[in-house]
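Below you'll find the structure, written out as structure tokens, and then a few comments.
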Amino acid sequence: MTVRTRSGDNIATALAADRLGVPSVVYFVLSAAAPLTVVAGVVTTSYAVTGITGLPIAFLAVGAVLALFSVGYVAMARHMVNAGAFYSYISRGLGRPCGVAGAWIALVAYNALQVGLYGALGAAASPLLDQWLGVRPAWWLIALVAWALIAVLGVMRVEVNGSILAILLTAEVLVILLFDATDLVNPAGGAVSLSALSPGELFAPGVGALLVIAVLGFVGFESSVVFSEESRDPRRTVPAATFTAVAIIAVLYAVSSWAMTVATGPGRIVEVTRRDGPETIFNLAGAHLSGTVVDIARVLFVTSLFAAMISFHNTTARYIFALGRERVLPAVFGRTSVRTGAPKSGSLAQSVFGCAVIIVYAALGLDPLVQLFFYGGTFGGFGVLLLITATSVSVIMFFARRPAEENAWRRIVAPVASTVALAIIVYLAVANFATLLGVDPTSPLRWALPAAYVVAAIIGVAWALVLSLTQPDVYAKIGLGAEAATGQATPAGFRPAGNMPRHARSRTR
Amino acid sequence: MGLADEFFLIAWDTAGSGAPLLHPRATALGLAGALLGELALAQRITVWRAEVRVTDPRPVDNALGHRILHEMVNAPEHTDVRTWLAYLARNSVEEVAARLIDGGLLRAAESRVLWRKNVRYLATNYVNGAWPAVRVEKMLVNGDRMTPSDMALAALVEATGLLDTILLDRRDRTAARRYLATFMATIPPPLRDLTGHVRAAVGDAVLSYRA
């Protein structure tokens, strides 16, 4: 019998070898954020729909608030097992009824974000299809083809390979920077105007709309904590990756949305985007760059949308799986495919919803870009804003019960400041929802959409109460993730006498 | 035949195509859990909640188990079950396959599809390969009395999501799950906690999957 004698901490070394460093986590986070989708699709549509121009400074302001929020968020993540989803944080901080309410809000929000992307694909792919094949299919036909692909890939768990995503992401960022530079060296009227970056824009009427759109641009940053378990040094890697991702997103989007206003002139950006839609950035760049570069950018816009669709589809499917695993949703949603490990039921549920939405929009003849992509995105972004705000409050509550665990800055100062700022953003968002949707202030939509989350939250709380009465064992495990499977919810104090080493590392800490 | 050997024969279609029936991460974690389970059944280690520790460092009767036990003795600072599952899962498929091949129960058939190497594992004797799955199915459907080892095997099969694969008849599944829930209440705590961690690790792998 041969026994290899080992020295040093081989176990930790062997495990760390497969783990992720800061750049890898940043890449994973940013690839879900799909920069070209935001710059070409969201930013241009925002100018067109809201008719106001403060978006660049809104990106910087929201970036600052989210960085502040992340201080407490990543600190709390260190104390969570399977720190994947906002609802686990809310459950641990504000109690299980709020946690389930958060879970329902998240389901609505992430589904809206995913489905909304189908609306932009037509606008993104049509110019290419026309140019290459001379066909102009209906948007819903393109959407259904993409939908079918996503549905199959989701169930088969064929995810886009990480290195392909990294290459696409790098190419997207390079194209965006090239376009920005082109816009900035060719300003309208010959002078670079800084007006869209003026902090005064934050006090303009309708700013709540811009703040929601900015939050939408950041969606995905929250997923950094999913990699806690897989990162080389969770205490350092995840916080560093989160702050890096937030900073990159803030600067990239602020500069890009500002550069557009420089190229058109701040006074004309609304008019130009209303006329050109997502074509705006390609037209602006096309005036000064070669056609090949613009074509590459158009292809990247399509791949960016596609990557975002897969990413949000998988996020939603996993969310449904996580809820099924904890029995917050029926157990069937906790099932996975044996062969592939895909969260099969969650994936199918998301696909069914996506197909239904595409068909309804096509049947009613609604506008895919504004009423599906932009409404879906901003509605989903608003939901994520609500979740971030609730999570920020949860961080305060969580550490209020554990004052010795972190320093005051992480425990209380940053979380309180971010909660106040987020609450103001939520207030402004609700107040300016009509501007966000570009509808008349008397439109029923302006109340119906925010109210959808209130309904989701009420259903969630009611469902939590039903669970607490009918299935107390399920209720007790809400928000515990992995711990739910092993029943470690009870305090770690109960152990057989004297047989545990002092230096034992407890996962729950 | 050890717990990990039987789990391997259930997780791979060794009596047929030689291809895995279960996705790679769950297979690796299930085998890691089975290897720890063997040591727990041999009274060498014990698992309590999130922690595992060596209770008896005397050698076990197989080289692989002995090597793992030796590693655990040498790394007393690692008491976290999930750490050991992750560590052992790195090579568990190859190591258990090698043990089965050494025992003359399995042979590996390598093929290449383009640039990808594909290993199939085939039982040298059809009956040996198919038997563990049939045995677990019969026990669960008939509600037979089970040894701790059988319980651990059935619990691992359920934890990794393989239950529906061995219970081909849908009508059997409800009864089998009910029986499983009954005996999980009587399974020795170390095996209950260990299989619980395997279930949690498999679930987490679904959540944090990356290509």
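A count restricted to the stretch A:309-347 and to residues that are assigned to a loop (DSSP other than H, G, I, E, B) and either in contact (Cβ under 8 Å) with a residue 24 or more places away in the chain or under 22 Å from B:P24 (Cα atoms) (or both) stands at 12.
Answer yes or no as to whether B:I101 is aliphatic (A, V, I, L, M) and either crowded, with 17+ Cβ neighbours inside 10 Å or in contact (Cβ under 8 Å) with a residue 12 or more places away in the chain (or both).
Numbers: aliphatic (A, V, I, L, M): yes; either crowded, with 17+ Cβ neighbours inside 10 Å or in contact (Cβ under 8 Å) with a residue 12 or more places away in the chain (or both): no.
Considered against the rule, which asks whether it is aliphatic (A, V, I, L, M) and either crowded, with 17+ Cβ neighbours inside 10 Å or in contact (Cβ under 8 Å) with a residue 12 or more places away in the chain (or both), B:I101 comes out as no.
Do we have any residue at all in the stretch A:55-77 that's at pLDDT 80 or above, in a loop (DSSP other than H, G, I, E, B) and more than 10 Å from every other protein chain (Cβ to nearest Cβ)? Checked the stretch A:55-77: no residue is at pLDDT 80 or above, in a loop (DSSP other than H, G, I, E, B) and more than 10 Å from every other protein chain (Cβ to nearest Cβ). Pairing residues of the stretch A:220-234 that are more than 27 Å from A:G381 (Cα to Cα) with residues that are assigned to a helix (DSSP H, G or I), at Cβ distances under 6 Å and at least 6 apart in sequence or on separate chains, gives A:S231/A:T237; A:S231/A:V238; A:R232/A:A16. Taken over the stretch B:17-43, the residue count meeting the criterion of being more than 14 Å from chain A (Cβ to nearest Cβ) and at pLDDT below 95 is 1. Within the stretch A:322-334, is there a residue that is in contact with a helix residue (DSSP H, G or I) (Cβ under 6 Å, 6 or more places away or on another chain), at pLDDT 95 or above and closer than 30 Å to A:A101 by Cα? Within the stretch A:322-334, none of the residues are in contact with a helix residue (DSSP H, G or I) (Cβ under 6 Å, 6 or more places away or on another chain), at pLDDT 95 or above and closer than 30 Å to A:A101 by Cα.
Looking only at the stretch B:140-166, filter to residues that are within 14 Å of chain A (Cβ to nearest Cβ) and among the hydroxyl-bearing types (S, T, Y); which one of those is nearest to B:R25 (Cα to Cα)? Taking the candidates together, the pick is B:T160. Quick one: is B:A108 modelled with pLDDT of 95 or more and either under 27 Å from A:V338 (Cα atoms) or of a type in the set (G, A, S) (or both)? For B:A108, the condition - modelled with pLDDT of 95 or more and either under 27 Å from A:V338 (Cα atoms) or of a type in the set (G, A, S) (or both) - is not met. Applying the criterion of at least 1 residues that are in contact with a Ser or Thr (Cβ under 6 Å, 6 or more places away or on another chain) and surrounded by fewer than 19 Cβ atoms within 10 Å (Cβ to Cβ) to the helices (runs of 4 or more DSSP H) found wholly in the stretch A:188-289 leaves A:234-264. Inside the stretch B:155-193, residues that are at pLDDT 90 or above and among the acidic types (D, E) make up a count of 2. Residues that are in a strand (DSSP E or B) and crowded, with 24+ Cβ neighbours inside 10 Å within the stretch B:1-43 comprise just one, B:W12. Where helices (runs of 4 or more DSSP H) fall wholly inside the stretch B:44-125, the ranges with 2 or more residues that are within 12 Å of chain A (Cβ to nearest Cβ) are B:63-74, B:81-89.
The values are calculated or read from the model by the stated rules, or taken from the named source; none is laboratory data. Predicted model only: the values in this text are computed from it and were never measured. Here the Cβ is made from the backbone with ideal geometry for all residues, glycine too, and neighbour counts use every protein chain on show.
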